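Novice: The following block contains the structure, expressed as structure tokens.
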Amino acid sequence: AAMFADGAAPGADVESLWRSARSARCEAKSCQTGKISTAETAVQARTSRDASVQTDPRHDAVQDFQQEVQVDYSSLLSFLQRVEDAVIKELNKNWKSRAFDGFEVNWTDQSETVLCLHTLSYPEAQDQKLQVTSVSWNATGSVVACSYGRLDDGDWSTEKSYVCTWNLDRRGLNPQCPDLVVDVPSSVMSLAFHPSRPSLIAGGLFSGELVVWDTSRREDPVMWRTGMTDDTHTDPVYQVNWLPDAKHGNHSRLLSVSTDGKILVWREERDSRLALAEGFALVAQQIPRSSQLKKFIQGEAAVGVTSLSFSHFDPRVFVVGVEGGYSLKCSTAAGTLALHRTGCSVPLRAPAELAFSPHGGPVYSVSCSPFHNLFLSCGTDGQVHLHSMLQTQPLLSLQLSEKYLFCVRWSPVRPLVFAAASGEGNCNNCFCFTGDVHLFDFEKSSQKPAVSLKQAAGECPVYCLEFNMKQTGLLAAGDAAGTVKVWQLSSDLTEQGPREMNHLEQLASEVTD
């Protein structure tokens, strides 16, 4: 019989139950088509048969894949016994090797170039021609703050200024709309976020006052302030630092430096007041000097302090930069009273222990190395000096600029890398320069920058910069145009090499010898 055969079937009528149901409820609507007659076209075979197109499973094929691997265990044992001594010898050699000392696996994406991630600004401050005087990262590394004021000519004392913050992790970040804007009645010259409390930020004002703001309190962010008392600085406060309080572990103290020659330490009081806890004063007559250092004014003249950095190896030791062009090694353990005629509520001590070879003009910034007993200084002569804490002469002097250098900072993760902020080129004989951010890598060169970044297209110096201690690939820099740029550093500027510490030791010892 044929596999397929034609056939015919009688037509079938299908009565509409839907219409009858709707009619019973008096809901009939003329939307149902009339009765349709259908007929089978007889294209479907009435019988079916397996055409055997699927291969039957073959037992021997399955065995081919599941066949057990045969191992000659006696030969394997003999081989391992023969190579055992050689393998152990090589393992011991590798265990003693220092080839990978300091190497850490980096699972983050590698970046070969330095990129500008954000250009932040506050238009109202820019309309007032205010400049970014200081930048700081908070304890989480996600928030950057800047202060606005003036470092050139202007009526500093009466002009309103601002402190602004941006959370770079916030979705929908608007670079021209800060998350928080704090109005301040005097120019803010310096800023410092608290090292462990992300919402607290301290500022030093042109008026000599210190203020601490809590950025989580939007309506009234002022938490503590010194007020204007006999203890308050009489000159602008150019740097503030948070210090651990040894007697009260949960509290911090605040240190401030000013060109009035005083270095003051403040404690928190319950009435929202900062009270003077202890202090130091630099007086020319009490500065240690050698035969090479003769420029200090004789007598009881105050030595104006512009910058300060604490040693990472001895919490009592710090370095200050002064207007006279010197860097001074100081100690909080100093016991000698300062020859300072002042009405302060606590006696001031003389902290200076050693004066280093001077710059050709005022020192604007100092930075102690996190990895060695070294520090950097820079100033108006356009030079960066690399110093050991143990000798007066610089280990290296680098001429980075023909004009001013305003800030220098060691990298927190690369022992041989530092950044410097400059103003290059004169603009109509005024205090106005084209600003660059220079990144040095002593591993590549001790004489020229590894990278020089153009901060702004116009003629404006870069006044301040700070590395991010948490997100170590980020560097913030503020300029005279009122903008803060956040730079994403390349991998070679953030990843420590296996012998980098040895190179730093060698650099220090070679030039010392």
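The values are calculated or read from the model by the stated rules, or taken from the named source; none is laboratory data. Everything numeric here is computed off the predicted structure, so don't read it as measured data. Every residue, glycine as well, gets a Cβ built from its backbone with ideal geometry; the counts of neighbours run over all protein chains shown. Heavy atoms of the whole protein, side chains included, go into the accessibility calculation; ligands, DNA and RNA do not. Shrake-Rupley method; radii C 1.70, N 1.55, O 1.52, S 1.80 Å.
Novice: Can you confirm whether region 327-336 contains a residue that is touching a residue at least 60 places away in the same chain (Cβ under 8 Å), assigned to a loop (DSSP other than H, G, I, E, B), of a type in the set (A, V, I, L, M, F, W, C) and surrounded by fewer than 21 Cβ atoms within 10 Å (Cβ to Cβ)?
Specialist: no
Novice: With the requirement that a residue be in a loop (DSSP other than H, G, I, E, B) and at pLDDT 95 or above, what does region 142-157 give you?
Specialist: Ser142
Novice: Leu191: assigned to a strand (DSSP E or B) and open to solvent by 10 Å² or more (accessible area, probe 1.4 Å), yes or no?
Specialist: Numbers: assigned to a strand (DSSP E or B): yes; open to solvent by 10 Å² or more (accessible area, probe 1.4 Å): yes.
In short, yes.
Novice: Which of the residues that make up region 307-326 are open to solvent by 20 Å² or more (accessible area, probe 1.4 Å) and under 13 Å from Leu282 (Cα atoms)?
Specialist: Glu323, Gly324
Novice: State the number of residues belonging to region 170-214 that are under 18 Å from the mean Cα position of the chain (by Cα) and within 13 Å of Val240 (Cβ to Cβ).
Specialist: Matching residues across region 170-214 total 9.
Novice: Looking at Asp230, Asp271 in this structure, which one is open to solvent by 50 Å² or more (accessible area, probe 1.4 Å), over 30 Å from Lys485 (Cα atoms), in contact with a Gly (Cβ under 7 Å, 6 or more places away or on another chain) and not small (Gly, Ala, Ser)?
Specialist: Only one candidate qualifies: Asp230.
Novice: Against the definition (of a type in the set (S, T, N, Q), surrounded by fewer than 23 Cβ atoms within 10 Å (Cβ to Cβ) and modelled with pLDDT under 85), how does Ser291 come out, yes or no?
Specialist: In short, yes.
Novice: Which ranges mark the strands (runs of 3 or more DSSP E) fully within region 442-513 that have 1 or more residues being of a type in the set (S, T, N, Q) and open to solvent by 40 Å² or more (accessible area, probe 1.4 Å)?
Specialist: Where strands (runs of 3 or more DSSP E) fall fully within region 442-513 and carry at least 1 residues being of a type in the set (S, T, N, Q) and open to solvent by 40 Å² or more (accessible area, probe 1.4 Å), they are 451-454, 483-488.
Here is a yes/no grid of residues against (1) over 22 Å from Ser388 (Cα atoms); (2) modelled with pLDDT of 90 or more:
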site: Val240; (1), (2): yes, yes
site: Ala246; (1), (2): yes, no
site: Val257; (1), (2): yes, yes
site: Ile263; (1), (2): yes, yes
site: Arg267; (1), (2): yes, yes
site: Ser311; (1), (2): no, yes
site: Val320; (1), (2): no, yes
site: Lys329; (1), (2): no, yes
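Novice: Tell me which residues, restricted to region 132-141, are outside any loop (DSSP other than H, G, I, E, B) and within 13 Å of the chain's Cα centre (by Cα).
Specialist: Step one: list which residues in region 132-141 are outside any loop (DSSP other than H, G, I, E, B), which gives 132-137.
Val135, Ser136, Trp137, listed by residue number.
Novice: Return the only residue of Val143, Val132, Val181 being of a type in the set (A, V, I, L, M), open to solvent by 10 Å² or more (accessible area, probe 1.4 Å) and in contact with a helix residue (DSSP H, G or I) (Cβ under 9 Å, 6 or more places away or on another chain). Show your work before the answer.
Specialist: On the way: Val143 fails: in contact with a helix residue (DSSP H, G or I) (Cβ under 9 Å, 6 or more places away or on another chain); Val132 fails: open to solvent by 10 Å² or more (accessible area, probe 1.4 Å).
Result of the check over Val143, Val132, Val181: Val181.
Novice: So which residues in region 120-131 are modelled with pLDDT of 95 or more and in a strand (DSSP E or B), if there are any at all?
Specialist: The answer is Leu120, Ser121.
Novice: Let me ask you something else. Only one of Leu210, Leu191, Leu200 is farther than 18 Å from Asn138 by Cβ and out of contact with any helix residue (DSSP H, G or I) (no Cβ under 6 Å at 6 or more places or on another chain); which?
Specialist: When all the criteria are applied, what remains is Leu210.
Novice: Give the residue that is modelled with the highest pLDDT, with candidates limited to residues of region 269-288 that are of a type in the set (A, V, I, L, M, F, W, C) and not in a strand (DSSP E or B).
Specialist: The residue in question is Leu282.
Novice: For region 474-513: of the residues being among the hydroxyl-bearing types (Ser, Thr, Tyr) and closer than 24 Å to His385 by Cα, which is farthest from the chain's Cα centre (by Cα)?
Specialist: This residue is Thr512.
Novice: Let me spell it out: the conditions are (1) free of Cβ contacts under 8 Å to residues at least 40 places away in the same chain; (2) open to solvent by 50 Å² or more (accessible area, probe 1.4 Å), and Pro198 meets all of them except one. Which number is the exception?
Specialist: Of the numbered conditions (1) free of Cβ contacts under 8 Å to residues at least 40 places away in the same chain; (2) open to solvent by 50 Å² or more (accessible area, probe 1.4 Å), the odd one out for Pro198 is (1).
Novice: If you take the residues in region 403-426 that are over 19 Å from Ser134 (Cβ atoms) and open to solvent by 20 Å² or more (accessible area, probe 1.4 Å), which one is modelled with the highest pLDDT?
Specialist: Out of the qualifying residues, it is Val413.
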